[in-house]
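Working notes, structure below.
The values are calculated or read from the model by the stated rules, or taken from the named source; none is laboratory data. Note that this is a predicted model, so its numbers are computed, not measured. Glycine also receives a Cβ, built like all others from the backbone with ideal geometry; neighbour counts cover every protein chain displayed. Protein only, heavy atoms only, side chains kept; ligands, DNA and RNA dropped before computing areas. Shrake-Rupley method; radii C 1.70, N 1.55, O 1.52, S 1.80 Å.
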Amino acid sequence: MIKFSLVPVILFSAFSLSCSLDYGKEISVKDSVPEFIFISPSFLRFENNKKTAELTADKLEQYKSDSASFASNSTFTTWNESSEIQTQGSCQLLGIDSKNEVYTLFNDIKLLNKNPDLQITAENLKWNAKSEQLTSGKNDTVTIIKEDTQVTGKGFSASSISNKFSFQSDIEGTITQNQEEETPAQATETKEETPSTDNKEDKAQ
């Protein structure tokens, strides 16, 4: 099943949606000076004496008035109840709205989910902890690598509740099939196919 756990990483209570880093057009300027600035921070979260999440960044700016903060060049890891790594990821900018439990990732995003084995690369993604939805913008390109299948499309959406991901636009990619022959001396044949764009939804097993 799909389980993206970006949300428990941050242990703050109040931030704003603006700071001195460059966050693009989505950020409205309400404060110009952060309440706190952390250089090379490392944050950990523990539940029942077990580490469940870790976040590191080059810089993190925390604001008082608007329940948001921003971390530059951040990496994060989450662990499941068995203390096994569940999700690893990195991005150039991480926006955190702890009040609404919304986490926005920008630029050079790389996510690796362990169960199922799923890799995601993108430039813009948003994780909503309340709805457990990971989404991109309608025109944002996202690439998914799942086992021997690589798919690229726009308008990405993934749910950890339904265990499915989908694209709004036509998708393109390759499916690599390794067929082992009965004779050990024979080489493995590799075929590349273009997946049909009629079915834009995949269910994680």
Margin query: Considering only C-alpha atoms, what is the centroid distance from region 43-66 to region 109-178, in Å?
Written below: 25 Å
Note to self: Within 10 Å of each candidate Cβ there may be at most 10 other Cβ atoms; applying that plus a DSSP loop requirement, which trypsin sites (Lys or Arg not before Pro) in region 77-182 survive?
What the structure shows: Lys130, Lys138
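Loop only by DSSP, 15 or fewer other Cβ within 10 Å of the Cβ. Give me the GluC sites (Glu not before Pro) in region 109-169 that pass, ordered by residue number.
Glu147
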Check: Rounded to the nearest whole Å², what accessible area per residue is found for region 120-162 with the 1.4 Å probe?
Finding: 46 Å²
Margin query: Per residue of region 36-42, what does 6.51 cos²θ - 1.76 cosθ + 1.60 with θ = phi - 60° give for ³J(HN,Hα)? Whole Hz please, x for Gly and Pro, Karplus curve as stated.
Written below: 9, 10, 10, 9, 6, x, 9
